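Before any comments, here is the structure.
The values are calculated or read from the model by the stated rules, or taken from the named source; none is laboratory data. Keep in mind that what you see is a predicted model, and the values were worked out from it rather than measured. Here the Cβ is made from the backbone with ideal geometry for all residues, glycine too, and neighbour counts use every protein chain on show. The area values use the complete protein model at the heavy-atom level, side chains included, leaving out ligands, DNA and RNA. Shrake-Rupley method; radii C 1.70, N 1.55, O 1.52, S 1.80 Å.
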Amino acid sequence: MSKLIAPSVLAADFANLQRDVEMINRSDADWFHIDIMDGVFVPNISFGMPVLRDIVKHATKTIDCHLMIIDPDRYVETFANLGCDILTVHYEACTHLHRTLQLIKSHGMKAGVALNPHTSVDLLKDVIQDLDMVCIMSVNPGFGGQSFIENTYDKVKALKKIITEKGADTLIEIDGGVTDKNAKQLVDAGADVLVAGSYVFKSNDQEATVAGLKKLVN
């Protein structure tokens, strides 16, 4: 399977959001990665439903929504109605994770779980076959532009082993600090989807940067 690139809209220029959405449409990127932050689960607040609705209006590719919020069950139906294709919730924010995953799937979306850097992949053994994707946070959630945590490689290998042993089809996504310096090593460890924010949007030629990353990992 081709490895996927998902530019993080959190790093886009919000004053020129349609321009940056259309750049992703034109580029070799596969998904839109959209971080929703509530200022409670993480210290930052990103954007909410009206902005997401406008992104979806112009986007022509898969919408990968990453909820960094408490009690995500309250909003599952809302995000389904807004047009999300994949909805990822944090393990640390879900009291009844299996129930939340079933709720996401009942609304026609693929279900993902994100793990903070300190959270062990072993905690997903009992639900791995219910997961379409696991998002491994390679930085602490809540802010863009952070440095990559080196332990991520071992974490990806451990998760890949669990997926293989359980016979699951779960994708592994990496979110945080992804650049051309670590992308190949992440894919070699078992990653399937790379989220890239600052690396893409702070480059002088964003489309070329996406194309280079896509070529590097494939």
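Computed quantities for the displayed model
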| read-out | value |
| --- | --- |
| The chain: relative contact order as a whole-number percent, Cα under 8 Å and 6+ apart | 22 |
| Accessible surface, the chain, averaged per residue in Å² (probe 1.4 Å) | 44 |
| Whole-angstrom gap from the stretch 143-204 to the stretch 4-43, using each part's C-alpha centre | 17 |
| Computed label-point distance, nm, for sites V51 and R74 using a 7 Å Cα→Cβ extension | 1.9 |
| Space enclosed by the convex hull of the alpha-carbon atoms of the stretch 49-130, per residue, Å³ | 99 |
| Tail weight of P(r) past 31 Å, computed on alpha-carbon pairs of the chain, percent | 12 |
| Eligible lysines near K215 by straight Cα distance, threshold 20 Å, same-chain separation 8 or greater | K3, K61, K181, K184, K202 |
| Solvent-accessible area, 1.4 Å probe, carbon plus sulfur percent, for the chain | 47 |
| Percent breakdown of C-alpha pair distances by 10 Å bin, ordered from the shortest bin, for the stretch 1-95 | 16, 50, 29, 5 |
| Semi-axis lengths (Å, descending) of the ellipsoid that matches the C-alpha gyration tensor of the stretch 88-184 | 22, 16, 12 |
| Helix-only [θ]222 nm of the chain, DSSP H runs n ≥ 4, -39500 (n - 2.57) each, per residue, nearest 500 | -10000 deg cm²/dmol |
